[in-house]
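Below: the structure, in structure tokens.
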Amino acid sequence: MRIFYNVFKKELNLLFKGTGFIWLSFVFSVGLFTLFRFTLPAHNMNIETAISILWGAYVISCLFSLLAAQEWEWEWFAYRAVRLSGTAGHTVFLSKSIATFVALSLLWIFILTVWFVFFGGSFLPADASIPVILIKYFSKFLVVGILATLGITFLGQLAAVLALHSRFRHILLLILFFPMSLPVLIAGSSFCRLAWQEAEWSEMSGLLNLLAAFLFIYAAAGIALYDYLWEE
């Protein structure tokens, strides 16, 4: 537990006090929302487009943090001493993943709040009150986003260690991350579209099951393969 906590604390410190990639994610998402909100013609903007912008901005913002973590491990050997001490790979994988999950969950809450300010008001019913907005829309978006974040976190750590020893590690991370994150991206954005249309729970539960399935696949693969991939 002591090693788990130390790695967890180290990862959070790198994400928030390192070279600022997590803060770059915040700035990027606001800039992207501003660009689409004020340059895209109003007749081309609908709720489906707005939700696609939300998830696109979030996935790219997550990638900034993953690239930063990969760079720290390559240039600073951030966890090499921990691994050389004989610490089990799954301990490092889980502690790093949970720390990244905390950071990316805060990022999702921030991006979601900004998105509702920029786009949400344009598509809400005229009689919608703040409690209705929070219960019907924001809370559902928040829950599916947190679940998707957990899957992205496990996937990101797995993709980062897969690409770690390559000379073209940044490009390889992009090649691995985007196709493997598509199921999470599609399920999350589809759930949000149905939630906005106030669809029945039976129509949306399958998407949550898909998210949960990929979450467990990424987590299991990371726990099983992290030791081997690190050494390779």
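Derivation of every value follows stated rules applied to the coordinates shown; laboratory data play no part. Everything numeric in this text was worked out from a predicted model, so none of it was measured. Cβ coordinates were reconstructed from backbone atoms using ideal geometry, including for glycine residues, and neighbour counts include every protein chain displayed.
List the trypsin sites (Lys or Arg not before Pro) within region 136-218 that DSSP assigns to loop and that have no more than 15 neighbouring Cβ atoms inside 10 Å. Kindly include the intermediate steps, with their values, before the conclusion.
On the way: sites: K136, K140, R167, R169, R193; in loops: R167.
Answer by residue number: R167.
For GluC sites (Glu not before Pro), the sites in region 145-222 that DSSP calls loop and that have at most 10 other Cβ atoms within 10 Å are E198, E200.
Using packing as a proxy for protection, rank 141-147, 96-102 so that the peptide with the highest average count of other Cβ atoms within 10 Å comes first.
On the way: 141-147: 18.6, 96-102: 21.9.
Packing order, densest peptide first, comes out as 96-102, 141-147.
Take 105-111, 52-58, 33-39 and order them by the average number of nearby Cβ atoms within 10 Å per residue, most first; the result is 52-58, 105-111, 33-39.
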